[in-house]
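Notes to accompany the following structure.
The values are calculated or read from the model by the stated rules, or taken from the named source; none is laboratory data. A quick note: this is a predicted structure, and the numbers were derived from the prediction, not measured. Note: ideal-geometry Cβ built from the backbone for every residue, glycine included; neighbour counts use all protein chains shown. What goes into the accessible areas is simple: the full protein's heavy atoms, side chains included, and nothing from ligands, DNA or RNA. Shrake-Rupley method; radii C 1.70, N 1.55, O 1.52, S 1.80 Å.
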Amino acid sequence: MRLDDILPEWHYRERHVIEIDAPADVVFRAVADVTWHEVPVFRTLMGLRRGRTPQAQACILASMADGGFTVLDRLGNELVLGTLSRTRFRGAAPLPAGEPADGFRGFADPGHWKIAVNFHRRGSTVSTETRVWATDERARRAFRPYWLAVRGPSGMIRRVWLRAVRERAHNEPVFL
């Protein structure tokens with residue numbers, strides 16, 4: 001799994017799995033196309049956190065890119081996104097110049113959280129995983145209360161998001 005190469009160690013982690021009987025290209029198109037409307041609890045929580053609610057028809061992954069996440073790698077069976085977040089949620093830090101995955105992997109400035117999210121397909125099993133690595137002990141301690149508060153709702157969001165991906169993938173016509 002490419003996520004293992006990009007962020008092999010973590011302080012905080014969450015993983016969810018679903019079975020989706022569809023070709024990989026259909027699954028990943030569905031991952032990219034799921035909208036905020038299809039995961040309403042996520043839309044509501046993001047609205048509370050950011051002070052504005054995302055547009056219902058906007059794609060979640062595109063919104064994540066607008067919010068500082070970068071595609072770190074895209075293989076046939078895995079999509080990995082990442083962001084370097086300053087502690088206290090003061091926005092994303094820019095990735096170092098060069099290859100995004102290398103810059104992300106090597107980033108170690110104190111006071112940041114390295115957050116990686118993936119969608120991975122093996123056979124008919126599709127998983128999504130979030131990993132968070134704090135670049136120093138102070139950042140790790142600062143993230144803990146946030147993680148304790150959001151881990152439950154985040155898990156629910158991920159399960160609903162995966163169900164929306166499955167629904168889209170199963171309803172997409174397949175041309176042979």
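General remarks:
Yes/no per residue for (1) under 19 Å from the mean Cα position of the chain (by Cα); (2) among the polar types (S, T, N, Q); (3) open to solvent by 10 Å² or more (accessible area, probe 1.4 Å):
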| site | (1), (2), (3) |
| --- | --- |
| F107 | yes, no, yes |
| N118 | yes, yes, no |
| S124 | no, yes, yes |
| S127 | yes, yes, no |
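- The set of residues from segment 81-96 being at pLDDT 75 or above and either open to solvent by 10 Å² or more (accessible area, probe 1.4 Å) or β-branched (V, I, T) (or both) comprises T83, S85, R86, T87, A92, A93, P94, L95, P96.
- Flag set for W147, criterion: touching a strand residue (DSSP E or B) at 6+ places or on another chain (Cβ under 6 Å), over 30 Å from H170 (Cβ atoms) and open to solvent by less than 50 Å² (accessible area, probe 1.4 Å).
- Residue in segment 73-81 that is in a strand (DSSP E or B) and touching a His at 6+ places or on another chain (Cβ under 7 Å) present: yes
- Hey, R131 modelled with pLDDT of 95 or more, closer than 15 Å to L79 by Cα and surrounded by 14 or more Cβ atoms within 10 Å (Cβ to Cβ) or not: yes
- Criterion: farther than 16 Å from L84 by Cβ and in contact (Cβ under 8 Å) with a residue 12 or more places away in the chain - qualifying residue of R140, R122: R122
- Condition check for A134: touching a helix residue (DSSP H, G or I) at 6+ places or on another chain (Cβ under 7 Å) and within 18 Å of L3 (Cβ to Cβ): yes
- Screening W113, W133 for residues that are assigned to a strand (DSSP E or B) and free of Cβ contacts under 8 Å to residues at least 40 places away in the same chain leaves exactly one candidate, W113.
For every residue, the table says whether it meets (1) without any contact (Cβ under 8 Å) to a residue 24 or more places away in the chain; (2) closer than 23 Å to A24 by Cα.
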| site | (1), (2) |
| --- | --- |
| D102 | yes, no |
| N118 | no, yes |
| S127 | no, yes |
| G155 | no, no |
| W161 | no, yes |
| R168 | no, yes |
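Residue by residue, here is whether (1) at pLDDT 95 or above; (2) more than 30 Å from A108 (Cβ to Cβ) holds:
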| site | (1), (2) |
| --- | --- |
| L3 | yes, no |
| H16 | yes, no |
| E19 | yes, yes |
| V41 | no, yes |
| T44 | no, yes |
| A56 | no, yes |
| L61 | no, no |
| D66 | no, no |
| L72 | yes, no |
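- In segment 151-162, the residues that are of a type outside the set (F, W, Y) and either at pLDDT below 95 or under 15 Å from W36 (Cβ atoms) (or both): R151, G152, P153, S154, G155, M156, I157, R158, R159, V160
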